[in-house]
Amino acid sequence: MTAQPRKNADRAPMLVYKDVRKRYGSFTALDGVSLHVNPGEVVCLIGPSGSGKSTLLRCTNGLETLDGGEVLFEGKPLPKSDVEMRGVRQRMGMVFQNFELFPHKTALENVATGLITVKKMPADEANRRAMALMAKVGLSDKTANYPSNLSGGQQQRVAIARALAMEPHVMLFDEPTSALDPETVGEVLNVMRQLALEGMTMIVVTHEMSFARRVASWVVVFEKGKLLEEGPPTQIFDAPLKERTRDFLSHLGWDG
Amino acid sequence: MNLDWSIVWSSRWLLLEGAALTVLLTALTMLISVPGGILLALMRGSRFKPVSLFATGFVELFRNLPLLLLVYWAFYVMPVLTGLALSPFVTGLTALCLNVSAYNSETFRSGIASIRKGQGEAGLALGMSRAQVFGEIILPQAWRRVLPVLASTWVSLFKDTSLVSVIAVGELAHTAMQIRSQSFRVLEMLTAMAAIYWLMGYPQAKLVDWIHRKYGVRE
């Protein structure tokens, strides 16, 4: 355990995971995970592939159902009904590894579509909001482009803008830079760093250890569906309590 | 052999009328069977078992019966079953729609299945309902992918409409056959009929080729 106080530990947590369990057939993806996320925190989930990080993220907004335990969002358990779950999802933005932009819509339409279909915002107002978000991610000149005419990094920035358009209380990033060419990773991480500075609550599943080291306020290490270790980045990267954490990091070539 | 091609020219208005009815029959069948196919594809994917079973039964029944049999069945059996006295045109249209809806359902089902799962998840993550995900994200993409297949179905259907001539729907084949049996000009009328079908069908087939090139899946 660490003596350092966690960011916003005095405030009610935004997300609480209690003994979360998830199985796919005989494979146990999550084997009783408990953790919490305070408002304004940037929590990075790290660990080997298949250790359950992405599954936990997908359980957060109901893309996967739980087999056991519970997830509390802003103090309330995730609702069972589809209709209520839709309300929760509007307050959680999600960014996918493969961007998942809608290929039949322009960049601007991708950003505006949630506002128009879900929030029933008039198209001109939605487009104005979408424009502002495209500017925020540095793509004002690409609004009319279709995703197929954007680089991977640009697509992922549009995807971030699309999620931000709904004014989420928390952003979930599922390996946002894993599918990118190395030269475009930086532009996406910069947008994420900017968001973090603005105080957005973020959960980031990532293999970008330098991002986790510099931007995360809390780092959680997963192994085989269990929480191996959690703590501030200084602890995890400089003085991990668990030998397995050290092994994992050195495997990635991390040497502090 | 003594040929008299004037019979073709003198029956040009009748043949034109028949050709118009053939086009109308094709268009109406497609107009009904595209939404019908989408509906059946959705029903097959339903989590409510009776609905998906019904749709599966419908598709497998009408896809695997010879269309000619279906036309006769609609003409002789359907009125007994339903108590409705329908015109030959509506009867023929019904038979065509049953068959083509079943085919279109399979087309749309494969089109929908070809859209990555993450696309739907991205919509759900924005807070969309399942219906919104389908209408806004899945269907527009699936539509583009199945368009070449639908176009091919259209061309087959255009020719297959000739089968409803057996229940005296006055489309092109029936009209030509009528003139043939009244004038005994068999060779002339069959040739004229072939020429008209080909002249109308060939540009459609070329259009389909173009659609295949433009919209074919390139991923």
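None of the figures in this text is laboratory data; all of them are computed from the coordinates on show. Keep in mind the model is a prediction, meaning the values are calculated, not measured. A quick note on method: Cβ atoms are made from the backbone with ideal geometry, for glycine too, and the neighbour counts reach across all protein chains shown.
Pairs of Cα atoms under 8 Å, at least six residues apart: use those to get the relative contact order of chain A, whole percent.
Rounded, it is 26 percent for chain A.
Rounded to the nearest 0.05, what FRET efficiency do A:R91 and B:A168 give with R0 = 60 Å and r taken as the Cβ-Cβ distance? Could you check?
With a Förster radius of 60 Å, E is 0.40.
What nm value, rounded to one decimal, do you get for the distance between A:H104 and A:K7 when each label is placed 7 Å out toward the C-beta?
About 4.0 nm separates the two model spin labels.
How far, in degrees from 0 to 90, does helix A:107-117 lean away from the longest principal axis of the Cα atoms of chain A, to the nearest 10?
Helix A:107-117 sits at roughly 90 degrees to that axis.
Okay, helix-only estimate at 222 nm for chain A: each DSSP H run of n ≥ 4 adds -39500 (n - 2.57), divide by all residues, round to 500 deg cm²/dmol; what do you get?
Computed mean residue ellipticity for chain A: -10500 deg cm²/dmol.
Give the share of C-alpha pairs in each 10 angstrom bin for chain B, from 0 to the last occupied bin, in whole percents, shortest bins first.
8, 27, 29, 20, 11, 4, 1, 0
In degrees from 0 to 90, rounded to the nearest 10, what is the angle of the helix B:172-183 Cα long axis to the longest principal axis of chain B?
The answer is roughly 10 degrees.
Multiply the residue separation of A:S178 and A:D124 by 0.36 nm, subtract the distance between their alpha-carbon atoms, and state the gained length in nm to one decimal.
Using 0.36 nm per residue and subtracting the Cα-Cα distance, I get 16.0 nm.
Collect residues whose amide H, placed 1.01 Å from N in the peptide plane, falls under 5 Å from the amide H of A:M94; neighbours closer than 5 in sequence don't count.
When sequence neighbours closer than 5 places are left aside, the close amide H contacts are A:L172.
Give me the inter-chain shielding for B:130-143: mean count of other chain Cβ atoms within 10 Å, whole number please.
2
Report ³J(HN,Hα) in whole Hz for each residue of region B:139-152, in order, from the Karplus equation J = 6.51 cos²θ - 1.76 cosθ + 1.60 where θ = phi - 60°; Gly and Pro get x.
Going residue by residue, I get 4, x, 6, 5, 3, 4, 6, 8, 3, x, 5, 4, 5, 5 Hz, with x marking Gly and Pro.
How high is the relative contact order of region A:101-167, given as a whole-number percent (alpha carbon pairs under 8 Å, six or more residues apart)?
Value for region A:101-167: 48 percent.
Mean residue ellipticity at 222 nm from the helices of chain B, using -39,500 (n - 2.57) per DSSP H segment of n ≥ 4 over the full residue count, to the nearest 500 deg cm²/dmol?
The helix-only estimate for chain B comes to -25500 deg cm²/dmol at 222 nm.
Between A:F27 and B:W5, what is the label-to-label distance in nm when each label sits 7 Å out along the Cα-to-Cβ direction?
The modelled label-to-label distance comes out at 7.0 nm.
Sort A:67-76, B:187-196, A:109-118 by packing, meaning the average of other beta carbons within 10 Å per residue, with the highest value first.
With the highest mean Cβ count within 10 Å placed first, the list reads A:109-118, B:187-196, A:67-76.
Under 13 Å from a point 7 Å along the Cα-to-Cβ line of A:K226: which residues of region A:1-45 have their amide N that close?
A:30-34
Taking 0.36 nm per residue of sequence separation and subtracting the Cα-Cα distance, how much length would be gained by fully extending the chain between B:Y72 and B:A194, in nm to one decimal?
That pair, B:Y72 and B:A194, stretches by 41.5 nm at full extension.
Dipole magnitude of chain A about its Cα centre, charges +1 at Lys/Arg Cβ and -1 at Asp/Glu Cβ only, in debye to the nearest 20?
That gives a dipole near 520 debye.
Restricting to Cα pairs below 8 Å that are 6+ residues apart, what does the relative contact order work out to for region B:21-167? Please round to a whole percent.
Once divided by the residue count of region B:21-167, the mean separation gives 35 percent.
How compact is region A:1-96 by the rule of thumb for globular proteins, expressed as Cα Rg over 2.2 N^0.38 Å?
1.11
Given a cut-off of 17 Å, what percent of all Cα-Cα pairs of region A:150-256 lie beyond it?
55
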